[in-house]
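Reading through the structure tokens given below for one structure.
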Amino acid sequence: MSGQFDTPSKFPAKVLASLRPGFLTVFIGYGQGLADGGIPYEVPIDDIPFDLRLPNSEFTAIIDPANSGIIDIERNTPE
């Protein structure tokens with residue numbers, strides 16, 4: 001067992017800022033366990049919908065280990 005997941009998994013995510021042209025810094029796993037603040041991850045800006053690119057925007061990132069990146073975004077809906 002390698003300690004990695006084999007299928008796409010969902011993680012809460014929160015946008016920090018655009019610290020590099022063409023990329024957004026996103027905290028993946030925000031609010032979960034030891035990674036309470038999340039793990040910073042640079043994502044191509046075109047992978048995130050326009051209205052979710054603002055700092056502190058929260059969404060659910062679907063990550064595929066085979067692609068080593070975000071394959072889809074789910075919007076958080078108010079309950």
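Based on alpha-carbon atoms, the Kirkwood radius and the radius of gyration of the chain give Rg/Rh equal to 0.96.
In this simple spin-label model, placing a label point 7 Å from the Cα along the Cα-to-Cβ direction at both E74 and I45 gives a separation of 2.8 nm. Taking amide H positions as modeled 1.01 Å from N, with prolines and chain starts lacking one, the residues under 5 Å from G69 and 5 or more places away or on another chain are D64. Taking θ as phi - 60° and the Karplus parameters 6.51, -1.76 and 1.60, the scalar couplings of segment 60-73 work out to 9, 9, 9, 10, 10, x, 5, 8, 6, x, 6, 9, 6, 10 Hz in sequence order, x denoting glycine and proline. Taking label points 7 Å from Cα along the Cα-to-Cβ direction, T25 and K10 give a separation of 2.8 nm. Residues whose amide H falls under 5 Å from that of G31, counting only those 5 or more places apart or on a different chain, are G37, G38, with hydrogens built in the peptide plane.
Here the Karplus curve 6.51 cos²θ - 1.76 cosθ + 1.60, taken at θ = phi - 60°, turns the phi angles of segment 44-56 into couplings of x, 4, 6, 7, 10, x, 3, 6, 9, 8, 6, x, 6 Hz, with x standing for Gly and Pro.
Coordinate-derived values only; no laboratory data. Bear in mind that the values here come from a model prediction, so they are computed numbers and not experimental data. Quick reminder, even Gly has a Cβ in these numbers, built from the backbone with ideal geometry, and neighbours come from all protein chains shown.
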